[in-house]
C-alpha cells in the first residue's frame with residue numbers, strides 16, 4: 001500500500017494556473033468518487049484552496065497511482081497533461097505524510113503559521129469521509145494530522161502575531177486598550193493603507209470612526225464604509241479631542257500634528273492616545289511620542305514589528321518541525337503494524353481453536369467433571385496458549401518495524417502454518433468492499449483491519 | 001506536630017511547583033504548564049483555606065498557627081485566582097503576585113511560626129479580629145495594585161522604546177493595568193482606614209494612650225497616607241499615566257517598611 005500526494009501550490013504554480021485547478025464545493029463529492037474509481041486508487045482526499053490543490057491517494061502501485069492521479073486531473077479539468085505536469089509535485093509515502101503534516105501546521109503556507117489551512121484540510125477530509133472515499137489509512141492519517149495541527153496552534157505562538165502592517169497596528173493597540181468597543185478612530189487622509197488600518201480596527205470592535213480629509217466628498221465616501229462621520233480638515237483639533245486611535249495617511253509635505261497640537265488634548269484624557277503615521281513624508285512630528293500616555297508608531301516601526309513577528313514564527317516553526325518528524329515516524333510505525341495484525345489474528349484464532357478442541361476432548365474423556373472443574377481447566381489451557389504466544393507476537397511486532405519485515409512475515413506464516421487461516425479470510429465474501437491481497441505478501445493481507453476503498 | 005509540619009511542607013512544595021510551571025509558561029508559552037500552574041495554585045488555596053477554617057474553629061481553645069502573614073498570602077492567592085480566572089493575559093500579574101505570596105508564606109512557615117500568642121489574644125477579641133482581617137485585606141489590595149503599576153511601567157517603557165518582544169506580548173494592556181491599580185487602591189484605602197480606627201479603639205481600651213509609642217502604628221499610618229495621596233491625586237488632580245504608576249509602585253515600599261518593623265520586635269504587632 002502506498003500513500004501519494006500529487007498537487008500544486010503557490011510555490012510551484014502561479015495564480016493563473018492555480019485558478020484553473022480549483023474544485024468548487026458542490027463538485028467536490030463527484031470529483032472524489034471519480035478519483036476513487038480510477039484504477040489502482042483505493043482511498044482519496046482532495047484539498048483545494050486558493051493557494052493549493054492536492055490529491056492525497058492510497059494506491060496499490062506507486063507508478064500507476066501517480067499516472068491515474070494525473071489522468072484524473074487531465075480529464076476533470078480538460079487541460080492537457082503537458083501544460084500542468086511541470087508545475088506538479090509528487091511525494092510518496094513518508095514524504096507525502098510529512099508534507100501533509102507540514103500543510104496542516106501552516107508551515108507550507110504562504111504566510112507561515114496561518115490557521116485557515118487546518119480548517120480547510122479538516123473540511124476536505126470530512127467531505128471525503130462522507131463520500132466514503134477514505135478508509136483505514138486515511139482515517140488514521142488525517143485524524144493524526146488534524147490533531148497535530150490543533151496542537152501546533154494551541155501549544156505554540158506560530159499563528160498568533162500579526163504579519164501585516166495594518167494588523168500589527170491593531171496588535172499594538174491591544175497593548176494599550178483593553179477593548180476597542182468604546183474607542184473612536186480618527187482617520188486623517190484618504191490613503192489606501194490608512195483606510196485598511198482603520199478597517200481592521202473597526203473589525204476588531206471599534207464602533208466610531210471619524211474621517212477627515214481635505215476633500216469632504218472623499219471623506220464622506222470613506223466614512224460611509226464604516227457608518228462613520230465625515231468632517232472637513234479644519235475640524236482637526238476638535239476631532240483630536242474625541243479620538244483614541246489616530247490613523248494618518250495624508251500626502252502633506254509638512255507634519256500636520258505637532259507636540260503643541262497634541263498636548264492640550266491630554267489634559268482631559270485618562271486613557272492612552274495611539275497615533276499611527278502611515279504617511280511618507282510623515283504627518284506627525286516624532287516629538288509627540290515623548291508625551292506621557294501618547295504612543296506614536298510610523299510605517300517603519302510597524303514594519304519592524306512585522307519582521308519581529310515573522311522571525312518569531314520561524315523560531316516556532318523549528319519547534320513544530322521536530323514534532324512533525326516524530327509524528328511521521330509514529331505514523332510509519334502504525335502503518336507497519338497494520339500488516340502484522342492479520343497474522344496475529346490468524347495465529348490467535350488457530351491457537352484458540354486448538355484449545356477449544358482439546359477442551360472438548362477432555363470433556364468427552366472425563367464426563368464427570370463439574371462445571372467448576374471445567375472452568376478451571378478452560379482458564380488454565382487458555383493461559384498456556386497466551387503464554388506461548390506472547391513472545392512470538394512481541395517479536396513479530398518488532399520485526400514489522402524493520403526492513404526485513406516481508407521475509408519475517410513469510411517465515412511467521414510458514415512456521416505457524418497460517419496459510420489456511422489466511423486463505424479462509426480471503427474467501428470471505430467482500431461484503432464491505434474489503435481489499436484482500438495474497439498472503440504471499442502479508443503486509444497487504446486484510447485481517448481484522450480492513451482497508452476499504 | 002509531624003502531621004502539621006508535613007502539611008506545611010507539602011503546601012510549600014505545591015506553591016513552589018505552581019510558581020515553577022507559571023515561570024516555565026512565561027518563558028515558553030504552553031497551555032499544559034499554565035493549566036498545571038493554575039491547578040496547583042487552586043490546590044494551595046484549598047489547603048490554605050482548609051487550614052484557615054480549621055484554625056478558626058479551634059480559635060477559642062487551641063493556640064493559633066495561622067498568623068497574619070499566612071492570611072496575607074491566602075488573600076493574595078485568592079485575589080490572583082479570581083483576577084486570573086476572570087481576565088485573559090494576566091499570567092505575568094499572577095506570577096508576580098504569587099512570587100510575593102510564596103515568599104511571605106515561606107517566611108511564615110519557616111521563620112515566623114512561634115509568634116502567634118499575641119496574635120491569638122488579639123483575635124480573641126471581635127474588634128481585634130475585624131481590625132486584623134481588614135488590615136490584611138487592604139495590604140493585599142495595595143500589594144496587587146503596586147504590582148499592576150509596576151507592570152504598567154514596564155509595558156509603557158517597552159511601548160515607548162518600541163521594543164516589540166515576547167515579554168511585551170505577555171503583558172496586559174495599559175488600560176487594564178491602570179484600572180486594576182486604581183480600583184485596588186480604592187478598595188484598600190477605606191479598608192485600612194476602618195481597620196486603623198477599629199485598632200485605635202481596641203488598643204486604647206487595652207493600654208490607654210501608650211500605643212502611640214508603637215512604631216508599627218506610625219508605619220501603618222504611613223501606608224494610609226501614601227496610598228491616600230495616590231488616590232487623592234488620581235481623583236482630585238486627575239493624575240494618571242506614568243507619574244501615578246511610579247507613585248503607586250513606590251508606595252509598596254511603605255508596606256515593606258511595615259513588614260520590617262514587625263520583624264524587628266520593636267512593636268507589639270510582631271505578627272505583621
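Between A:227, A:199, which is in a helix (DSSP H, G or I) and under 25 Å from residue A:167 (Cβ atoms)?
A:199
Can you find even one residue in the stretch B:197-209 that is part of a helix (DSSP H, G or I), within 14 Å of another protein chain (Cβ to nearest Cβ) and surrounded by fewer than 20 Cβ atoms within 10 Å (Cβ to Cβ)?
No.
Would you please name the residue that is nearest to residue B:235 (Cα to Cα), looking only at residues in the stretch A:281-302 that are out of contact with any strand residue (DSSP E or B) (no Cβ under 8 Å at 6 or more places or on another chain) and within 9 Å of chain B (Cβ to nearest Cβ)?
A:292
Would you check if residue A:118 is buried (at least 20 other Cβ atoms within 10 Å of the Cβ) and part of a helix (DSSP H, G or I)?
Judged against the criteria, residue A:118 is a match.
Among the listed residues A:35, A:126, A:110, identify the single one that is touching a residue at least 60 places away in the same chain (Cβ under 8 Å), surrounded by fewer than 17 Cβ atoms within 10 Å (Cβ to Cβ) and either outside any helix (DSSP H, G or I) or on the phi < 0 side of the Ramachandran plot (or both).
So the residue among A:35, A:126, A:110 that is touching a residue at least 60 places away in the same chain (Cβ under 8 Å), surrounded by fewer than 17 Cβ atoms within 10 Å (Cβ to Cβ) and either outside any helix (DSSP H, G or I) or on the phi < 0 side of the Ramachandran plot (or both) is A:110.
If you go through the stretch B:157-192 one residue at a time, how many are more than 19 Å from residue B:89 (Cα to Cα) and at the interface with chain A (Cβ under 8 Å from one of its Cβ atoms)?
2
This table checks each residue for (1) within 14 Å of another protein chain (Cβ to nearest Cβ); (2) within 17 Å of residue A:282 (Cβ to Cβ); (3) at pLDDT below 90.
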{"site": "A:193", "(1), (2), (3)": "no, yes, yes"}
{"site": "A:230", "(1), (2), (3)": "no, no, no"}
{"site": "A:263", "(1), (2), (3)": "yes, no, no"}
{"site": "A:268", "(1), (2), (3)": "yes, no, yes"}
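Assess whether residue A:163 counts as being within 14 Å of chain B (Cβ to nearest Cβ), crowded, with 17+ Cβ neighbours inside 10 Å and not in a helix (DSSP H, G or I).
In short, yes.
Do we find that residue B:188 is crowded, with 16+ Cβ neighbours inside 10 Å, modelled with pLDDT under 85 and in a helix (DSSP H, G or I) in this structure?
no
Kindly check whether there is at least one residue in the stretch B:62-77 that is modelled with pLDDT of 80 or more, assigned to a helix (DSSP H, G or I), out of contact with any strand residue (DSSP E or B) (no Cβ under 9 Å at 6 or more places or on another chain) and within 14 Å of chain A (Cβ to nearest Cβ).
No, because not a single residue in the stretch B:62-77 is modelled with pLDDT of 80 or more, assigned to a helix (DSSP H, G or I), out of contact with any strand residue (DSSP E or B) (no Cβ under 9 Å at 6 or more places or on another chain) and within 14 Å of chain A (Cβ to nearest Cβ).
One line per residue, one yes/no per condition, for (1) within 14 Å of chain B (Cβ to nearest Cβ); (2) over 30 Å from residue B:181 (Cα atoms); (3) at pLDDT 90 or above; (4) touching a strand residue (DSSP E or B) at 6+ places or on another chain (Cβ under 7 Å):
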site	(1), (2), (3), (4)
A:208	no, no, yes, yes
A:214	no, yes, no, no
A:222	no, yes, yes, yes
A:246	no, no, yes, yes
A:251	no, yes, no, no
A:271	yes, no, no, no
A:275	yes, no, yes, yes
A:279	no, yes, no, yes
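For the stretch A:42-88, how many residues meet the condition of being surrounded by fewer than 16 Cβ atoms within 10 Å (Cβ to Cβ) and outside any helix (DSSP H, G or I)?
Residues in the stretch A:42-88 being surrounded by fewer than 16 Cβ atoms within 10 Å (Cβ to Cβ) and outside any helix (DSSP H, G or I): 5 in total.
To keep it simple, each residue is scored yes or no on (1) touching a helix residue (DSSP H, G or I) at 6+ places or on another chain (Cβ under 6 Å); (2) under 30 Å from residue A:114 (Cβ atoms).
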position: A:168; (1), (2): yes, yes
position: A:171; (1), (2): no, yes
position: A:194; (1), (2): no, yes
position: A:197; (1), (2): yes, yes
position: A:200; (1), (2): yes, yes
position: A:211; (1), (2): yes, no
position: A:219; (1), (2): no, no
position: A:224; (1), (2): no, no
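Have a look at A:177, A:142, A:125 and point out the one that is within 14 Å of chain B (Cβ to nearest Cβ), farther than 28 Å from residue A:251 by Cα and modelled with pLDDT of 90 or more.
A:177
The values are calculated or read from the model by the stated rules, or taken from the named source; none is laboratory data. None of the values given here were measured: they were computed from a predicted structure. All Cβ positions, even for glycine, are placed from backbone atoms using ideal geometry, and neighbour counts span all protein chains on display.
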